[in-house]
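Reviewing the structure listed below.
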Amino acid sequence: MIMRGLKIVAVAILLQMQIGAGYLSAQTGNITRQEILRGSVTPEREWWDVLHYHLKVEFLPASKSLKGSNIITFKALKAGNRMQIDLQPPLSITKITHGPSELKFEREENVYWLTFEKDIPKGTEDRIEVFYEGVPVESKNPPWVGGITWGRDDLGENFIVTTCEGIGASIWWPNKDHGYDEPDRGMQISVTVPEQLVAVSNGRLKKTDHDVAGKTKTFHWEVLNPINNYGVNVNIGNYVNFSEKYHGKGGVLDIDYWVLAHQKEAAIRQFKEVPRMLEAFEHWFGKYPFYEDSYKLVAVSYPGMEHQSSVTYGNWYRNGYRQRDVSGTGIGFKFDFIIVHESGHEWFGNNISMKDAADMWIHEGFTNYSESLFVEYHFGKKEAEDYVLGSRHNIKNDRPIIGVYGANREGSGDMYYKGGNLLHTIRQVINDDEKWLSILRGLNAEFWHQTVSTEQIESYMAKRAGVDLSKVFDQYLRTTKIPLLKYRLSGKSLSFKYERVVQGFAMPIRVLINGKEVVITPNEVKQTIEFPQEIKAFEVNRNFYIETEKQDL
Ligand SMILES: [Zn+2]
């Protein structure tokens, strides 16, 4: 996703603040039982592993309703007979079948408790089909507020999209709505719509059925790789398709563009960014993670979202982010922000996915940094640094980046720009670009198609870097304080120490003394260093995200 709050129309800002306020209070009050059921691995989730989903859903624009089912194939990791399935009202589950029999279930708001006739034995592969229908929540501000948008395009045709990051996929289809468990064998999505419309979902279009009598079409999409729940999406409109092939690190990648018919010319021009994006990110992160499922860019009515192998795009076919540059340097106008940022998530978010929403920075911090890596690859290191540093003005230091575990609560929006600056700072600490590259590629190889925790990311990076980064991560991810370097110059001597740091924080930094680069390792205790000549100029390398204060004599 992109950071909320970056809007350009005054009315939209007001609207978003009102909606955002409600969302925030829900995120900062006492943790409710519903949040625990949603955000933790409950005993009713833990005993079974999702192997595959087959979602079949009909979109009925006339009544703004959905009707369908999800076949959930799973494996019993241990014996169990009580299962949690999530689906948010006003949608409701109408029936659950298990082979020839129907299962009993009861509802507790967003959660359904299913009971099997008897224990499913450990090791068994089994499946249920969950039938559901109703009028789903409508999104008032996609993608930041989840739900269905029953919209119209410029020409008045239906233009319907789903968004659900944060609130969860259970806002529109029944599933195990927790990040830790993705369907190992992927997913099928069969979408039925009025016959004049086209439905675009994740993965590859396997076939289309036309029910002439019923005046509907069903589009069968198939995803072969594991997919996170919020990455599943359906977009319905007057779509046309064009495609190209990209010769990349994983062989030939099929690229498909789905745009509204009247936007095709603009899309052909603007989507030249896609191969440039792939070239840069395959360099930095390794091969695109979903060759089997292809890469798609799909036009939507909201700014964009990282839907896996089906990145959604609503950036007006222009560079920048809806005619803004988030860095304030002008560099943001050199590329299409949505194509770069949302596609960056294919590596950080979709390939490597967080287990718990508290660790959302793994998605947004790395993807924010991917923007500057794109700049570095195509425009050079100086501009990339300007871009990262320019984005610091967006950092609020209001709450820690890491949220609340087990409650589906994300941390501060600082996960974007501060997350990017944390990574940029760590790169400075490592001070070895070859090693840095190998860490970025190594993360994507080590955690290929996995769900992970922050601890896994931290320990992998520290191990590969050969540097203890624990206090650096603690400082920037778990506090709102930015290290303050206090220093004093006196003739040939330099005195310095850190303030506002976690205990034991001793991050080395590079400084320029009389134009010569020197590494110093401040901590909370004052240190003094003598130089051969009088110190006339002192400057901290700007790439380290710290603040400085000169003490006058
Ligand atoms: Zn994002």
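Please work out if Gly328 is surrounded by fewer than 19 Cβ atoms within 10 Å (Cβ to Cβ), of a type outside the set (Asp, Glu) and at positive phi.
Against the criterion (surrounded by fewer than 19 Cβ atoms within 10 Å (Cβ to Cβ), of a type outside the set (Asp, Glu) and at positive phi), Gly328 qualifies.
Determine, yes or no, whether Val274 is buried (at least 18 other Cβ atoms within 10 Å of the Cβ), within 16 Å of the ligand (Cβ to nearest atom) and either at pLDDT below 95 or at negative phi (or both).
Answer is no for this residue.
If Ser370 satisfies all but one of (1) open to solvent by 10 Å² or more (accessible area, probe 1.4 Å); (2) touching a helix residue (DSSP H, G or I) at 6+ places or on another chain (Cβ under 6 Å); (3) within 14 Å of the ligand (Cβ to nearest atom); (4) among the small types (Gly, Ala, Ser), what's the number of the condition it fails?
In the conditions (1) open to solvent by 10 Å² or more (accessible area, probe 1.4 Å); (2) touching a helix residue (DSSP H, G or I) at 6+ places or on another chain (Cβ under 6 Å); (3) within 14 Å of the ligand (Cβ to nearest atom); (4) among the small types (Gly, Ala, Ser), Ser370 misses (1) alone.
Looking at (1) within 18 Å of Gln475 (Cβ to Cβ); (2) touching a helix residue (DSSP H, G or I) at 6+ places or on another chain (Cβ under 8 Å); (3) open to solvent by 10 Å² or more (accessible area, probe 1.4 Å); (4) not in a loop (DSSP other than H, G, I, E, B), which is the only condition Gln428 fails?
(2)
Just the residues that are more than 14 Å from Pro89 (Cα to Cα) and either among the basic types (Lys, Arg) or open to solvent by less than 10 Å² (accessible area, probe 1.4 Å) (or both), please, taken from the range 166-176.
Result: Lys176, single match.
Residues of the range 214-265 being more than 26 Å from the chain's Cα centre (by Cα), without any contact (Cβ under 8 Å) to a residue 40 or more places away in the chain and part of a loop (DSSP other than H, G, I, E, B), which ones?
Those that are more than 26 Å from the chain's Cα centre (by Cα), without any contact (Cβ under 8 Å) to a residue 40 or more places away in the chain and part of a loop (DSSP other than H, G, I, E, B): Gly214, Lys215.
I want to confirm something. Restricting to the range 331-367 and keeping residues that are part of a helix (DSSP H, G or I), of a type in the set (Phe, Trp, Tyr) and more than 12 Å from the chain's Cα centre (by Cα), which single residue is nearest to the ligand (Cβ to nearest atom)? Lay out the reasoning, then the answer.
Step one: filter the range 331-367 for residues part of a helix (DSSP H, G or I), giving 331-334, 337-344, 357-359, 361-367.
This time we only want the ones that are of a type in the set (Phe, Trp, Tyr), so: 333, 337, 361, 366.
From what is left, the residues that are more than 12 Å from the chain's Cα centre (by Cα) are 333, 337.
Details: Phe333: 19, Phe337: 10 Å.
Filtering the range 331-367 for residues that are part of a helix (DSSP H, G or I), of a type in the set (Phe, Trp, Tyr) and more than 12 Å from the chain's Cα centre (by Cα), the one nearest to the ligand (Cβ to nearest atom) comes out as Phe337.
Scan (1) among the aliphatic types (A, V, I, L, M); (2) out of contact with any Ser or Thr (no Cβ under 7 Å at 6 or more places or on another chain); (3) within 16 Å of the ligand (Cβ to nearest atom) for the single condition Ile401 breaks and write down its number.
Among (1) among the aliphatic types (A, V, I, L, M); (2) out of contact with any Ser or Thr (no Cβ under 7 Å at 6 or more places or on another chain); (3) within 16 Å of the ligand (Cβ to nearest atom), Ile401 violates only (2).
Could you tell me whether Glu125 is open to solvent by less than 50 Å² (accessible area, probe 1.4 Å) and touching a residue at least 40 places away in the same chain (Cβ under 8 Å)?
No.
Hey, can you tell me all the residues within the range 466-502 that are in a loop (DSSP other than H, G, I, E, B), farther than 26 Å from Asn397 by Cα and out of contact with any strand residue (DSSP E or B) (no Cβ under 7 Å at 6 or more places or on another chain)?
Of everything in the range 466-502, those that are in a loop (DSSP other than H, G, I, E, B), farther than 26 Å from Asn397 by Cα and out of contact with any strand residue (DSSP E or B) (no Cβ under 7 Å at 6 or more places or on another chain) turn out to be Gly466, Gly491.
Go through the residues of the range 69-77 one by one and say whether even a single one is hydrophobic (A, V, I, L, M, F, W, C), open to solvent by 40 Å² or more (accessible area, probe 1.4 Å), touching a residue at least 60 places away in the same chain (Cβ under 8 Å) and farther than 22 Å from Val232 by Cβ. Full working, then the answer.
First pass over the range 69-77, keeping only residues hydrophobic (A, V, I, L, M, F, W, C): 71-72, 74, 76-77.
The next check asks that each one be open to solvent by 40 Å² or more (accessible area, probe 1.4 Å); those that pass are 77.
Adding the requirement that they be touching a residue at least 60 places away in the same chain (Cβ under 8 Å) leaves none.
The answer is no; no qualifying residue exists.
The values are calculated or read from the model by the stated rules, or taken from the named source; none is laboratory data. For clarity, every value in this text was computed on a predicted model and none was experimentally measured. When we count neighbours, we look across all protein chains shown, and the Cβ atoms used for this are built from the backbone with ideal geometry, even at glycine. Accessible surface areas use protein heavy atoms only, side chains included; no ligands, DNA or RNA. Shrake-Rupley method; radii C 1.70, N 1.55, O 1.52, S 1.80 Å.
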